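Written below as structure tokens is the structure these notes are about.
The values are calculated or read from the model by the stated rules, or taken from the named source; none is laboratory data. Model, not experiment: these values are computed from the prediction. Here the Cβ is made from the backbone with ideal geometry for all residues, glycine too, and neighbour counts use every protein chain on show. Side chains included, ligands, DNA and RNA excluded: accessible areas come from the protein's heavy atoms. Shrake-Rupley method; radii C 1.70, N 1.55, O 1.52, S 1.80 Å.
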Amino acid sequence: RYIMFASRSHTSDVMNSAYWINIGEWEVYGEALPAEIVDFGECSETISWELNEFGTLYISGTGCIPDWEYLQTPWKDYFNTATAVIIDEGITEIGNYSFAQFATLRSAKIPAGITRIGNNAFSACDALSVVRLPGTVKELGTNAFAHCSKLREIIIPATAPMADTTTE
């Protein structure tokens, strides 16, 4: 995984997905630098994860991120240091409590192909302010984004199967 510091003010380009993540007040010019892997592991037979020194948690592989109990994910020790989650396109579901209580999480890249976001999947992610859901999401679990104190916008494409439901 690489992070390129570009001439754009206050942004960096995560090379593997071209996703822009705000990393603070940095404005550095230069070549791509390898990001050191801090920890890694598996969460199923087909899905692995790794956390780099910049606080980016990568979830890669194919299939569904399993449902978890509260703070029982294999990456739970980083709930107070992870600042971004990037989920690869082979992932189809985000299980219950997958990123709950990640207080420092500022961004989450949820790719096309995700069909379900489980109960409390991103609950209590206090630094999360905007979420863009792909048009493939069919199910948004109970409290999926509850208690995210800075969340001001969830963008759901009009073509999303769940977008035509009403809330009473």
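Got at least one residue in segment 158-167 being closer than 21 Å to Gly61 by Cα and either open to solvent by less than 60 Å² (accessible area, probe 1.4 Å) or in a loop (DSSP other than H, G, I, E, B) (or both)? Give the derivation first.
From segment 158-167, those closer than 21 Å to Gly61 by Cα are none; that's our starting set.
Looking through segment 158-167, none of the residues is closer than 21 Å to Gly61 by Cα and either open to solvent by less than 60 Å² (accessible area, probe 1.4 Å) or in a loop (DSSP other than H, G, I, E, B) (or both).
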Sole miss for Leu57 among (1) assigned to a loop (DSSP other than H, G, I, E, B); (2) under 19 Å from Thr46 (Cβ atoms) is condition (1)
Thr104 vs (1) in contact with a Leu (Cβ under 7 Å, 6 or more places away or on another chain); (2) of a type in the set (S, T, N, Q); (3) at pLDDT 95 or above: all pass except (1)
Reported set for segment 82-98 where residues are in contact with a Leu (Cβ under 9 Å, 6 or more places away or on another chain) and either among the small types (Gly, Ala, Ser) or under 13 Å from Cys125 (Cβ atoms) (or both) is Ala82, Thr83, Ala84, Val85, Tyr97
Among the residues of segment 96-107, the number that are crowded, with 23+ Cβ neighbours inside 10 Å and among the small types (Gly, Ala, Ser) is 2
